[in-house]
Structure formats: C-alpha cells, structure tokens
1. If the requirement is being open to solvent by less than 50 Å² (accessible area, probe 1.4 Å) and among the hydroxyl-bearing types (S, T, Y), which of these qualifies: S630, S662?
2. Within the stretch 445-496, which residues are within 18 Å of Q514 (Cβ to Cβ) and either among the acidic types (D, E) or open to solvent by 50 Å² or more (accessible area, probe 1.4 Å) (or both)?
3. Can you tell which of V224, V197 is closer than 14 Å to A143 by Cα and either of a type in the set (V, I, T) or surrounded by 24 or more Cβ atoms within 10 Å (Cβ to Cβ) (or both)?
4. Here are R552, R529: which of them is in contact (Cβ under 8 Å) with a residue 40 or more places away in the chain and open to solvent by 60 Å² or more (accessible area, probe 1.4 Å)?
5. So is A353 closer than 14 Å to V55 by Cα and either part of a helix (DSSP H, G or I) or open to solvent by 10 Å² or more (accessible area, probe 1.4 Å) (or both) or not?
6. Assuming W138 fulfils every condition listed in (1) in contact with a Leu (Cβ under 9 Å, 6 or more places away or on another chain); (2) within 15 Å of the ligand (Cβ to nearest atom) apart from one, which condition is it?
7. Every residue in the stretch 610-639 that is more than 25 Å from K744 (Cα to Cα) and touching a His at 6+ places or on another chain (Cβ under 6 Å), please.
8. Tally the residues that are within 16 Å of the ligand (Cβ to nearest atom) and either over 23 Å from I697 (Cβ atoms) or not in a helix (DSSP H, G or I) (or both), restricting the search to the stretch 237-254.
Amino acid sequence: MKKHFSIYSIILILFMTSFSCQSSGDQEKKESSIDARVDSLLALMTLEEKVGQTVMYTSTWELTGPAPANGNNAYRAQQIRNGRVGGMLNVIGAKGTRSAQQLAVENSRLGIPLIFGYDVIHGYKTMFPIPLGQAASWNAEVARIGSEISAIEAASSGLHWTFAPMVDICRDGRFGRIMESAGEDPFLTSVMAKAWVNGYQGDDLSDQYSIAACAKHFAGYGFVEAGRDYNTVDISPNTLYNTVLPPFKAASDAGVATFMNAFNDLNGVPATGNAHIQRDILKGEWGFEGFVVSDWGSIGELLNHGFAEDSAHAAQLAMRAGSDMDMESEVYEYHLQKAIEEGKINEKLLDDAVRRILKVKFQLGLFDDPYKYCNEVLEKKNLLTVENLEASRDAARKSTVLLKNEKNLLPLSKDVNSIAVIGELAGSKDVPLGNWRAQANKNSAVSLYEGIKNALGDRTSVEFAAGYQLIEGNRTIFDTLNFAEDDGSGFKEAIRIAKRSEVVIMAIGEDCFQSGEGRSQADITLKGRQLELLEKIAQVNSNIIVVLMNGRPLAIPEVHQIAPAILESWHAGSEAGNAIADVIFGEYNPSGKLPVSFPYVTGQEPLHYDRKSTGRMVPENDQYDMVFWSHYEDAPNEALYPFGFGLSYTSFEFNNLEVIASENPGKITVSVGLKNTGDLEGTETIQVYIRDIAASITQPIKKLVDFKQIRLLSGQEDRISFTLDSSDFGFYNPQYQYIVEDGKFEIMVGNHSNNLISQTVEVKF
Ligand code: BGC
C-alpha cells in the first residue's frame, strides 16, 4: 500500500533540513544538505510522481517549436495539479508563473514546485547584441554583464531557467543558428561560455536574481551537413573531442546547472539517444551533476531518425542515454512508467534523472519559496531600466568590428554638414533586436537613423531614404520570411540624397529573421537589390560608410571593393543606433574582432582558420603555376576577413616576441611588445596561437590558445606575457584520452589569425 503524507509534514521535513544548513554557511555542507533533502523527497515519491518530474510542457500561447499533440489546456492543468509535470517553458511574467506554480504547489500531493524555463538568449526585455556579436567583443565581461542583466530581468518576471548559452561551435555561415553561437573557435567559445554561465547563475543559484543556465546543444549541432538546420552530423571523434566538446566542458566546469541535448544525429546515434556523450562523458568523465533536458520534441524525433521503432522505444532509448527531462515530446509522459513497470528500464535510471531535476530546484531555492521569482513589484522595477540600456549600449559598442577604413574616413567629425542615411535596415527599429528577442517590445530598438540624429542634434542635416526593399509581410520568429520583389522605386530618392550629402551611411545585410533557428541559407551573399543600390550610390558619392547588420558571416567581396569604410554591427540590440553612432563619431574607438571567418564566396563554407595543412598546401612561390595544390580554381582559400580580424582608429605594432621554456617542465612563457603607434587611445587584442609541427594525430595549422585585451594611450608601449602549459599543447585521442606529446611547436602572436609573428620551440612535458 502506498504511504500518504500530508503536504504539511513533507514541507516541514524539507524546511527543517534547509534551516539546519543555512547556519553553516558552507558551500559543501549546503550541497550535502541539498542532497539529503533530495533523497528524503525522492523516498516519498510514487512512480507516477517521479515520471512527472521528467515531463516538461510548453505554455500553448507561445510556441517555440511544432505544436504539441495534446496541447489541451484543461488536461494539462490537471496533469500539473496531479503532480505529473516537472517543468514548463514559455510561461512568463510574475503573474502567469505564479498561477501556474499555484497549480502545482497548492494542489499536487507533494507540492513540488515547477521549474520555468525560457529562451533568454541575448536579453529578456532589454536586448543585447546577438551572441555572435557579443563574442566579437572578445571580452568576457561583455558576455557576463549581459547575461547577468538578462537574468535579473528574467528572474523578476517569474523565470528560473534560461535555455542559454548555446556553445555549439559553428563554422558554416549557411547555418542560421550561427548567430546564437560564439563562432568558429573552441577557445574563444569556451571563454564566452564560462562568462555567460557566470552571468546567469551568479555565485549562488538561490540568489533572488540568479537563474539556471543551460549549455546547448549537446552535441555537434553546429556541424549539420551543408549548414542545413536539423540535418545529420557525421564528424570524426577528433572533431567531436577537440572542437565540439571543449566549450561544453568549460560550461560544465563553470558549474552550469543544466544541459540541453540536440536535434541532430551524431555519427549514427542521435544526440538525444546518445549514451556515450551524455552518460560516459558528461555525467561520467566530467562529473556533471545537473540535469539534461531534451530539445523540443527531440525524444519523439528518435522515430524520424530511424533510431526508435515507436514512442515507447524512444522513451527507453532516451532515458537509458541520460536524457533526464522531456521537452514537449510527450514520450516520457505516456511511456516511461510502463517501461519501468515492465522492467524495460531500471527504475534507478529514473531516480537518477529525478534526483538531478529536484537538486536544481532545491539549488534555486524553490522549495524554500516557490513564488520567490513571482514578484510583480520587482518585475515593474527591474525591466528595461536606464542602467540596463546603458549596459546594452556599451556591449554593442564593444561588439562592433571595424572591417575597413580607407583614408581614415572614420571616425567622422561631428562638424560634417550633411549625411544621407540609406537602407531599409538603417530605418528599422526592429531588426537590431535580433532573432531570439524574448519579451522585447516590437520596434523598440534605436534605429541607426535615430542614433545618428541623436548624436548630431540639429547642427547637421541628416536625411533618410530606405532605398532598397528587403522583406515584406510578417516578420516573427516562426514565419517564413518573404523577400520583397524590389521594383527599385526607392532607388531614386536614395541616390538623390546621397548626391547632395557630404557623407553616406548605408546599412546593408540581413533582417534579423534571416538567421536563427530554421533559417539556414544556401547562399550567404546579400539578398535583394542591396548591392546594386550600393554600386549606384558609389557613383554619386564616394564617402560611403557601410554598416553591416547580420547574424552570420556574409560573402561580400564587392562591398569590400566599393566602400571605403565598413563597420560590422551584427544585430546589436536595444541601443543599436546609439552604439553604432558612438563608434562612427569616435566616442568609442572600435575594439571588436571577428569570431568567424568571412568568405569571398559561399562555396568556401564551412570556412575556419584552424584547418589542417593537407598534403598539398599551396606553396608560397609556385614557380610552375600548377594546379596540383589544395585550392579552388575560382576563389581564394583564405577568408575575405579572417578570424580575429578587426581594425581600430589607432594603429598597433608588435615587436620582440620572446618564447621561453621555463624551468617548470612543459611551461612556456610568451611575451611580446605592443606599441600604440597611432594618434588615439585604443584597445588591442593580443592573440596567441600554436601549431604542433608533428603529432600522432595531425593538428591544425594554428590554434588559438590565449588572448588578452590591452588599452594603450597614443605612443604608449607595454609588454604582455602569457603562460602556456600542457593543457594548451595536447589533444584528445580517439579514446577520449587527453595526451601531450613532446616536440616542436610554433608559437604565434599577433592581432588576427593571419597577422602573426612566430617562433619555434622544442617543448618537453
Ligand atoms: C531550440 C532550443 C530551444 C527550444 C525551446 C528548440 O527548437 O532548438 O534551442 O531552447 O526550442 O524554445
């Protein structure tokens, strides 16, 4: 016979343990007290209640995936009352989350609180630059502060958990979700991953404004074939272990509370059903103690992959593989209990999943006060504040990358007489908000046009013309975009104002809904007639500053040819226009560096700087001009703008690289002189790359291992040092063992991946 406890006696047990640990103030004791509380609660739970904790529902009013089969609200509410649901997504707002929480806490037998998750990817109400843009700052503080503020806004609106950061390595510009990543490099992505996790989670998950983070999508999602979203991923163990997994390991080491698995098939085993990565590596080797949530419907999709025979089979495969919570597949809900009763799944696996889920709920403090995040006063107070907007503006400035600046056209003097601001994107108050815009108010960003006017006041004539037409019809996170049939009717006015202005500022690139989930493109050149208009404008005014707005690297060699100055602003968030104007008028000297390589043509994708040498590298002096080298006949091998590239309004010079193998075996000290040789104060990012000249598994021709940002006054010099150790020189073998091999290494230092000075050293570990 099942034992029934009154809700009050249970709450008493849980509170008593909480009380005794709070006085200790010691993290370890707190953890073990949480473990004890989890165990005592688990011991009280029925099989149905345990399965319930693994079930996650969406609120049906805001879908972020295909509609669930059983989205009936009355049925779902009853399931929550019955304690058959562990978490919800897309329930938002202090009021909404409170009423959903009441269903669970005040009606279910054990009163276990729900956990509320939401995609707070680059802001909640105040939008920050898209993650790819934040990564372009090469500044961990930008990422940390942005996610800390997002956490404050989300926590004040009832949310406990964000489905961020996405730490997938993305090196194919065709893949729409590259905008949500930190780009192509495992080291840079790892730095950003740690900062994002720290920002969301703070020092203690139980703090009022901390929310649980989620490292996603585990694993390999950025390597979908041909950049097509949800497609197959077939990569070697070498790529999986050395390129894909390191940022996830960094997130796990930073204490991320949860992981999300991925939609993709990974080397023949769908990620959601992949015990090797979820159980052996994540929960085994890495000792990850949080829980893994599936991606939307990904347990159900095990059928589509041809991996599970039916939903019952999918439930067994996913649970065995270590997927703890089922987001919207309704597979655990309907099949897990039976699988356990029939002995197809060991109940211990379910207990482990539930223990992990409960632990995060305890860590968040939800058992102490399930309504602590549902505070309408805080919700009013903490959203879209002046301080939050100022932080967003600062992040946007720091994320901007100066790609070209011929004849020092930039920074522009505020004494300029007349400016023509051109482009549909320049007038948009919506595009800069980006793709994953959570609860941002539509059309709430500062447009580029507004930003320019704000900076100049009345003293300069600033005229605007949209010029080209890019998109027509609905623009939302779900809708397929309609590219406009541009009849060129806007060209005339754009050319007219360009002709009579001293300077043209023209925004081109992409709508924010051209990138993001389900937004892959086979062609990453400019859409519509943007380029044609740029060419026409250049014929009447050569002082053109191009401002790019985009969520992926673009193939834009023609733009590079035509425009003397180019600024990459990504989708820069709520304060976009003001921030870009800060850079244009020199209030901020640009310091951003590309986190992805920009190709000349789409066909170069996937393009990344850390490629292998091949047996047939193009020789520097090919005296016979032969074809037998690894190259294209119709495009360069190199990037138009390489990884790590970004200019400043001042100039820097590197000198005297010193590489010293210290007495401590395997430690290398690298130091380099840096001088600001220009007229302005500015920030440079010193990047350190290594190459293992010969290894038992071939290594990339260069690999980023460290970087630092230094601010120098005009004429100022400094010496910057780095210490590298064995963790920088090794790699994982196909057995997932980290090995370090003695031998010769080339150490390279510079300000982008194609501008490096180097020395070769022999290292013994
Ligand atoms: C995405 C996830 C997201 C989830 C919930 C899925 O389609 O792949 O990244 O967190 O939806 O909205």
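1. Numbers: S630 fails: open to solvent by less than 50 Å² (accessible area, probe 1.4 Å).
None of the other options fit; the residue is S662.
2. Passing the criteria: Q469, E472, G473, N474, I477, F478, D479, T480, N482, F483, E485, D486.
3. V197
4. On inspection, the qualifying residue turns out to be R529.
5. Values: closer than 14 Å to V55 by Cα: yes; either part of a helix (DSSP H, G or I) or open to solvent by 10 Å² or more (accessible area, probe 1.4 Å) (or both): yes.
Spelling it out, A353 is indeed closer than 14 Å to V55 by Cα and either part of a helix (DSSP H, G or I) or open to solvent by 10 Å² or more (accessible area, probe 1.4 Å) (or both).
6. (2)
7. N637
8. Total satisfying the criteria: 1.
The values are calculated or read from the model by the stated rules, or taken from the named source; none is laboratory data. Keep in mind that what you see is a predicted model, and the values were worked out from it rather than measured. Because the Cβ atoms are built from the backbone with ideal geometry, glycine has one as well, and the counts that use them run over all protein chains shown. For accessibility, only protein heavy atoms count, side chains too; no ligands or nucleic acids. Shrake-Rupley method; radii C 1.70, N 1.55, O 1.52, S 1.80 Å.
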